[in-house]
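Structure first, then comments.
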Amino acid sequence: MILKGVIFEDFVNYRKPSMVLEFPICKNFKCDKECGERVCQNSLLAQSPNIEIYPISLIKKYLNNPISEAIVCQGLEPFDSWPDLINFLYCFRQYSQDDFVIYTGYTEKEIQDKIDTLKNFKNVIIKFGRYIPNQPKHFDEVLGVSLASPNQYAKILN
């Protein structure tokens, strides 16, 4: 699978210590387009080199780390790398039922077909909503962290 990076121990993006996978594609930079200015929080990540890594090697590192209790998939845009995202989840579920969190700028309606597929897996959480600048942050109870704009929220699928 292709990623921009991996953070093996993260305490910022979810209420549990997590391994973070940084996905390499955002097809249309929808947050920038909708607000009419460059606001992407991941624009520097977009310029980072891609790395190719086998899902099983990430899973082994996750399982051998006594600290991490969840996987967090984030930006650029994980759903724009759908084949790698769903393949990794399928492989991960063969070894662990730990929480699997996906940060997306899409709305539920925009990715309903993918949500329907993800509902077949336990413990999948999706953070929905584009980043809108100059908005008040709010605490999300599901994630246990503050999100950047009030249109963003997390939902447990199953």
Here the stretch 138-147 yields Karplus 3J(HN,Hα) values (6.51, -1.76, 1.60; θ = phi - 60°; whole Hz; Gly and Pro given as x) of 8, 7, 9, 5, 5, 7, x, 9, 7, 10
Which length gain, in nm to one decimal place, applies between Asn134 and Ile86 when the Cα-Cα distance is subtracted from 0.36 nm times their residue separation?
14.0 nm
Surpassing 24 Å at the alpha-carbon level, of the pairs Lys16/Lys109; Lys60/Lys155; Lys16/Lys155; Lys60/Lys137, are Lys16/Lys109; Lys60/Lys155; Lys60/Lys137
Highest mean first, how do 120-133, 86-99 rank when packing is the count of other Cβ atoms within 10 Å averaged over residues?
120-133, 86-99
Cut-off 18 Å, label 7 Å out along Cα→Cβ of Asn64, residues of the stretch 83-121 by amide N
92, 95-96
At a threshold of 8 angstrom on Cα-Cα distance, excluding pairs fewer than six apart, so keeping six or more, what relative contact order does the chain reach in percent?
23 percent
The long-range amide H neighbours of Asp140, using H built 1.01 Å from N in the peptide plane and a cut-off of under 5 Å, are Val145, Ser146, Leu147
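Could you work out the helix-only [θ] at 222 nm for the chain, with each DSSP H run of four or more residues adding -39,500 (n - 2.57) and the total divided by the number of residues, to the nearest 500 deg cm²/dmol? Please report the intermediate quantities before stating the final value.
Numbers: 5 runs with 38 residues, N = 158.
Taken over the chain, the calculation gives -6500 deg cm²/dmol.
To the nearest 0.05, what FRET efficiency results for Asn50 and Tyr95 with a Förster distance of 35 Å applied to their C-beta separation?
Values: r = 25 Å, r/R0 = 0.71.
According to the calculation, E is roughly 0.90.
Restricting the count to DSSP beta bridges whose residues both fall in the chain, what percent are antiparallel, rounded to a multiple of 5? It would help to have the intermediate numbers written out before the result.
Values: 13 of 26 bridges.
Around 50 percent of the beta bridges assigned by DSSP in the chain are antiparallel ones.
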Other-chain or far-sequence residues with amide H under 5 Å of Cys73's (modelled H):
Leu21, Val101, Ile102, Tyr103
So who's got an amide H within less than 5 Å of the one on Tyr153, skipping anything under 5 residues away but keeping other chains? H placed 1.01 Å off N, in plane.
Phe128
Along the stretch 93-99, Karplus-curve 3J(HN,Hα) (6.51, -1.76, 1.60; θ = phi - 60°) to the nearest Hz, with x for Gly and Pro, reads 5, 6, 10, 8, 9, 4, 4
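No lab work stands behind these numbers, since they all come straight from the coordinates. Source: prediction; values computed, not measured. Using ideal geometry, Cβ is built from the backbone for each residue, glycine included, and neighbour counts are taken over all protein chains shown.
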